[in-house]
Amino acid sequence: MHELQQKYSNQIQELAESSRRLADLGYVTSHGGNLSYRVADDVVLITPTKVAKRKIQFDDVCIIDMQGNVLFAKEGRKPTGESPFHLRIFEKRPDLTGIVHAHPPVMTGFAIADTDLLTKAFLPEPIIEVGPMVTVEYEEPLSEELARAFDDKLPNANAFLMKNHGAIVTSLEGVERALEFFEMMEAAAKSILVAQLLGGAEVLAKEHVQNLERTMKTRSLPMPGAPGQVDGLLELFF
Ligand SMILES: [Zn+2]
């Protein structure tokens with residue numbers, strides 16, 4: 001076993017299990033989607049290109065540095081072609097450690113439709129745990145332009161709806177947590193869709209969001225976005 005595999009074996013296991021779970025959830029098809037886990041300042045675990053997420057095992061996980069240089073990859077494995085946006089997000093947000101990108105059917109439907117509903121305040125848990133899902137304009141997959149498209153959104157959000165493409169959800173606590181948040185956002189998107197079918201989703205009142213903000217501050221929970229960047233929830237949702 002490579003020394004880095006040994007050193008980060010728990011986190012590699014976590015990434016491999018999260019990849020398979022992402023596939024079980026039906027959020028990816030074929031070779032789609034990718035996951036990464038920053039385990040040290042200059043060490044990132046990332047899924048390989050051209051391998052179905054349901055098949056990812058410990059040895060399939062690639063290890064790269066923040067410049068994208070491969071520190072470890074087993075024979076026949078190469079880091080995902082979407083490494084540029086993973087590294088760009090980690091570079092701009094040193095507080096984040098886990099990133100999940102996938103194409104879940106409901107959120108991706110919102111990404112195709114002309115709507116900003118996912119940026120609004122509907123449900124308390126997604127507001128507290130993740131914050132608004134901000135839209136990133138369409139750029140070609142695998143391109144540097146796509147990586148740069150996140151730049152002006154990263155200071156104020158931890159979750160991103162990629163126009164006509166899919167979604168990205170991040171976490172301060174590793175890749176499994178990012179996947180749990182991803183599930184939460186897909187579930188919220190489903191509920192919002194159902195509410196729309198039932199006559200229209202109603203946003204939480206400002207005062208309720210203000211109360212949530214107070215609760216977060218009392219519990220010392222981090223606001224969405226880069227540390228120190230966002231003062232409170234109201235500025236994000238209203
Ligand atoms: Zn994609």
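Read the figures in this text as sums done on the coordinates, not as results from a lab. Everything numeric in this text was worked out from a predicted model, so none of it was measured. Using ideal geometry, Cβ is built from the backbone for each residue, glycine included, and neighbour counts are taken over all protein chains shown.
Miscellaneous remarks
- Nearest-20 debye value, region 1-119 charge dipole, Cβ charges on Lys, Arg, Asp, Glu: 320 debye
- The helix-only estimate of mean residue ellipticity at 222 nm for the chain, built from DSSP H runs of length n ≥ 4 each weighted as -39500 (n - 2.57), is -11000 deg cm²/dmol after division by the residue total.
- Kirkwood-based Rg to Rh ratio, region 114-238, C-alpha trace: 0.96
- Contour minus Cα-Cα distance for S220 and D59 (0.36 nm per residue): 54.1 nm
- Nearby lysines by direct alpha-carbon distance to K7 (threshold 30 angstrom, same-chain neighbours under 8 apart not counted): K50, K53, K55, K74, K78, K92
- Counting only DSSP beta bridges with both residues in the chain, the antiparallel share comes to about 85 percent.
- Spacing of the two label points (7 Å from each Cα toward its C-beta) at L197 and N211, in nm: 3.0 nm
- Largest-first ellipsoid semi-axes for region 7-81, taking √(5λ) over the Cα gyration tensor eigenvalues, angstrom: 19, 13, 11
- Most positive-pole-ward Cα, N156, P94, T108, against dipole of the chain from beta carbon charges: T108
- Evaluated over region 96-238, the count of Lys pairs having alpha-carbon atoms less than 20 Å apart is 7 (only pairs 8 or more residues apart or interchain).
- Region 105-161 - convex hull of the alpha-carbon atoms, volume per residue in Å³: 94 Å³
- Compactness of the chain was expressed as the Cα radius of gyration divided by 2.2 N^0.38 Å, which yields 1.00.
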